[in-house]
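Coordinate-derived values only; no laboratory data. These numbers come from a predicted model, not from an experiment. Quick reminder, even Gly has a Cβ in these numbers, built from the backbone with ideal geometry, and neighbours come from all protein chains shown.
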Amino acid sequence: QQQVKQSPQSLIVQKGGISIINCAYENTAFDYFPWYQQFPGKGPALLIAIRPDVSEKKEGRFTISFNKSAKQFSLHIMDSQPGDSATYFCAASTGGTNAGKSTFGDGTTLTVKP
Amino acid sequence: KAGVTQTPRYLIKTRGQQVTLSCSPISGHRSVSWYQQTPGQGLQFLFEYFSETQRNKGNFPGRFSGRQFSNSRSEMNVSTLELGDSALYLCASSPTGVGNQPQHFGDGTRLSIL
């Protein structure tokens with residue numbers, strides 16, 4: 001049973017456009033929702049994270065929107081750049097001593113065209 | 001501060017063999033988690049170690065095992081290798097793995113089974 005569903009699987013955006021990636025979760029015990037960026041040949045790197053008591057968090061061009069009632073959260077990349085081309089993963093964990101066990105979405109491959 | 005270091009970066013094995021992968025966490029980090037990444041299954045949690053004890057375990061067969069040493073370095077072992085074990089194995093560390101702490105990933109070990 002997949003607990004975090006991510007969409008779309010792939011996304012092509014023009015330079016300067018907005019990239020939007022969505023995730024939905026099932027386990028209401030999840031209380032930490034990070035997004036990771038992965039380049040080929042590299043491990044995932046933390047981009048931004050949010051807790052469910054916050055509806056939005058912004059760091060530079062990256063924004064997470066969180067809808068607790070709908071059990072959905074999304075990543076918005078403003079002014080997308082070719083260097084943002086990578087695979088993005090949403091994740092969730094339940095915190096406490098289970099914080100080291102993250103459940104990941106299937107990933108979204110983003111291509112930003114110059 | 002040095003990041004998470006995984007060795008070796010690449011491994012080629014044949015079916016039936018066993019393999020040991022190594023992970024050195026960020027200095028001061030005591031929680032080490034292991035994930036398997038494949039194109040078909042995405043990122044799947046294997047297990048997490050804290051203070052030399054396995055604290056969390058994913059849904060993998062007993063052929064997959066691990067351990068953690070007193071300096072927090074961790075090893076993962078896979079016995080009786082199968083073709084389906086071909087994957088990128090990622091290690092992630094966090095200070096304590098408790099509460100809302102981001103995980104810091106290494107660049108992985110690419111395991112290929114012939």
Would you mind ranking B:HIS104, A:HIS76 so that the residue whose beta carbon has the fewest other beta carbons within 10 Å leads the list? A:HIS76, B:HIS104
Size of the dipole of the protein assembly as shown about the Cα centre, Lys and Arg at +1 and Asp and Glu at -1 on the beta carbon, nothing else charged, in debye to 20? 220 debye
In the neighborhood of A:ILE12, defined by Cβ-to-Cβ distances under 13 Å, what is the net charge if each Lys or Arg adds +1 and each Asp or Glu adds -1? +1
Phi angles of region B:66-79, converted by Karplus (6.51 cos²θ - 1.76 cosθ + 1.60, θ = phi - 60°) into ³J(HN,Hα) in whole Hz with x for Gly and Pro, give x, 7, 10, 9, 5, 8, 6, 4, 10, 10, 10, 10, 10, 9
Within chain B, what is the longest stretch that has no trypsin sites (Lys or Arg not before Pro) placed in a DSSP loop and near at most 13 other beta-carbon atoms within 10 Å? B:64-114
Based on a Kirkwood Rh over C-alpha pairs, give the Stokes-Einstein translational diffusion coefficient of chain A at 20 °C and viscosity 1.002 mPa s in µm²/s. 152 µm²/s
Considering the options B:PHE47, B:SER86, B:LEU21, tell which one lies farthest towards the positive end of the dipole of chain B, charges being +1 on Lys and Arg and -1 on Asp and Glu at the Cβ, about the Cα centre. B:LEU21
Largest first and to the nearest Å, give the Cα extent of region B:1-65 along each principal axis. 37, 24, 22
Where Rh is the Kirkwood radius over Cα pairs, Rg/Rh for chain B: 0.95
Using Cα springs under 10 Å in a Gaussian network model of chain A, which residue among A:ASP53, A:ASP31, A:ASP84 shows the largest mean-square fluctuation? A:ASP53
log₁₀ of I(q)/I(0) at q = 0.16, 0.30, 0.32 Å⁻¹ - region B:49-99, Debye sum with one point per alpha carbon: -0.54, -1.38, -1.46
Normalised radius of gyration for the protein assembly as shown, please: alpha carbon Rg relative to 2.2 N^0.38 Å, two decimal places. 1.01
Cα-based Lys pair tally, chain A, threshold under 24 Å, eight or more apart or on separate chains: 20
Value of relative contact order over chain B, rounded to a whole percent, pairs C-alpha under 8 Å and six or more apart: 37 percent
